[in-house]
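Every number here is computed from the coordinates shown, using simple stated rules; none is lab data. All values derive from a computational prediction rather than experimental measurement. All Cβ positions, even for glycine, are placed from backbone atoms using ideal geometry, and neighbour counts span all protein chains on display.
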Amino acid sequence: MTASTAAPETIQKPHKHHILGLRKSDLVEELLSIGVPEKKARYHSRQIFHWLYQRKVTTFEMMTDLSKLVRGHLAEKFQIAPLPKVFHQKSIDGTQKFLFRLYDGKTIESVLIPAEDRLTICISSQVGCAMGCKFCLTGTMGLMRNLEVYEIVGQVLELSKLETISNIVFMGMGEPLHNLENVCRAIEILLAQDALNFSKRKVTVSTSGLVSAIRKMNDRLVGESRPNLAISLNGSYDAQREEVMPVNKAFPIADLLEACRDWHLEPHRRITFEYVVLGGLNDTVEDAARVTKLLRGIPCKVNLIPYNPHDGSDYKRPEHEAVLAMHRYLLDHDIAAMIRHSRGRDILAACGQLRSAVDAVARTRPHIAIADCNDGRVIGA
Ligand code: SAH
Ligand code: SF4
């Protein structure tokens, strides 16, 4: 494992808007408002996206094919402020974790997870989380705030300057659907052709099951902006799920699965169900049988994630045999299932140093969900 710290790269100017938070349609409106004719405004918006996301420039002067007037206006009103990376760790398995400092001193993390055929970035959508899942240390810190659009986009943009990223998963800190509008806008930017041009098939939003927001997203992100959906199921019946995920009280399993059935899936696409296996709690073959029954008829795959223990939680890591037995049951009953391979474990240990060195958020963040976030690797049989 290696670690490094770096000084903030830029001072963000509080009085200027962040251009990285604007979609192409927002840029068009901005240009129209200063009298640029519509056709030209559309053309300029594509040019600006190209400069920001493909050439990755950091000043408006560098956008040399825009008129001085347009550049001047943009520079007057907006800033291009890269998110400052303040800490970096590399695991022996190649997983890299980055800590970004936000304008208000709070911090968030993003993780790069390499696999044979892909490089996945796992990004945060909030500082903290309001959902209070009992097995997740982020849940114990409560919600500090939602991330702005530019803070979500900025994680991907910054790390894309270092590596060629193929996949994005919203599985870092926070509940993405609790910050729905900003997450949707960020996805629209990340998927835009003139920007980072991610395919919708390579972007996954994971939710603890905010049913009303799943339904909103179903209507909100259509066509080429529509990402994959992942649901953190983590239980096989209501009382059990409710014990570890308070969200289940408002949105019980039946409602959640109804929203999944209503989610518009393209042919050959599937919803991912994540299932954190908690030792002695939800780790039996009977649980696997109930999950099989619940998911009947939903085109899906199941990721079994052995619980990663952390201080302050009494849950146990499951026996490997128990996870294998669940996996076997699901496969035998025609459910595509995987045991999620944990990555970056050694940098979990190193998080203790990060906690004391950086700030209070790092102190309360276990780096569990994100250091192990889904890279699609399969182990077990
Ligand atoms: N808030 C979203 C996305 C972030 S959590 C959600 O809950 O889906 C990403 C994944 O990490 C979720 O599937 C969550 O269930 C899982 N997770 C959280 N804490 C964990 C732990 N201690 N061990 C294993 N997986 C965990
Ligand atoms: Fe929030 Fe997801 Fe952790 Fe639950 S598992 S507390 S929703 S980050």
Got a sec to turn the phi values of the stretch 190-202 into Karplus ³J(HN,Hα) couplings, 6.51 cos²θ - 1.76 cosθ + 1.60 with θ = phi - 60°, whole Hz, x for Gly and Pro? 5, 8, 4, 4, 7, 9, 7, 6, 6, 6, 4, 6, 9
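So for LYS68, LYS301, fewest C-beta neighbours within 10 Å to most, what's the order?
Ascending Cβ contact count within 10 Å gives the list LYS68, LYS301.
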Please list, in chain and number order, the residues 5+ apart from ALA81 or on another chain whose amide H is under 5 Å from its amide H, with Hs placed from the backbone. ILE19, LEU20
Quick one: what are the phi-derived ³J(HN,Hα) couplings along the stretch 240-248, Karplus 6.51/-1.76/1.60 with θ = phi - 60°, whole Hz, x for glycine and proline? 5, 5, 4, 4, 9, 10, x, 4, 5
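Whole number please: convex hull volume per residue, Cα atoms of the stretch 51-202, in Å³. Show your work: numbers first, answer last.
Working: hull volume 19.8 nm³, N = 152.
So the per-residue Cα hull volume is 130 Å³.
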Could you give the size of the charge dipole of the chain about its Cα centre, using +1 on the Cβ of each K and R and -1 on the Cβ of each D and E, expressed in debye and rounded to the nearest 20? 880
Quick one: which residues, 5 or more positions from LEU119 or on another chain, have an amide H under 5 Å from its amide H? H modelled 1.01 Å from N in the peptide plane, none for Pro or chain starts. SER166, ASN167
Quickly work out the ASP262-to-GLU243 label distance, labels modelled 7 Å from Cα along the C-beta direction, and quote it in nm with one decimal. 3.0
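Suppose R0 equals 41 Å. What FRET efficiency, 1/(1 + (r/R0)^6) with r the Cβ-Cβ distance, do ALA250 and ASP194 give to the nearest 0.05? Before the final figure, lay out the partial values.
Numbers: r = 40 Å, r/R0 = 0.96.
According to the calculation, E is roughly 0.55.
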How do ASP314, ASP287, ASP93 line up, fewest other C-beta atoms within 10 Å first? ASP314, ASP93, ASP287
Distance in nm between pseudo-label sites at ILE92 and ARG270 (7 Å out along the Cβ direction from Cα): 3.3
Given H placed 1.01 Å from N in the peptide plane, which residues other than close sequence neighbours of VAL86 have an amide H under 5 Å from its amide H? LEU99, PHE100, ARG101
For the ALA336, SER166 Cβ pair and Förster radius 25 Å, calculated FRET efficiency rounded to 0.05 is 0.75
Square roots of 5 times each gyration tensor eigenvalue, C-alpha, the stretch 17-79, largest first, Å: 16, 12, 12
From zero up to wherever the largest Cα-Cα distance of the chain sits, split into 20 Å bins and tell me the percent of pairs in each. 29, 56, 15, 1
Table column - 3J(HN,Hα) (Hz), the stretch 124-130, Karplus curve with 6.51, -1.76, 1.60, x for Gly and Pro: 8, 10, 9, 8, x, 6, 8
Label ASP314 and HIS50 with points 7 Å out from Cα along Cα→Cβ: what is the distance between them in nm? 6.2
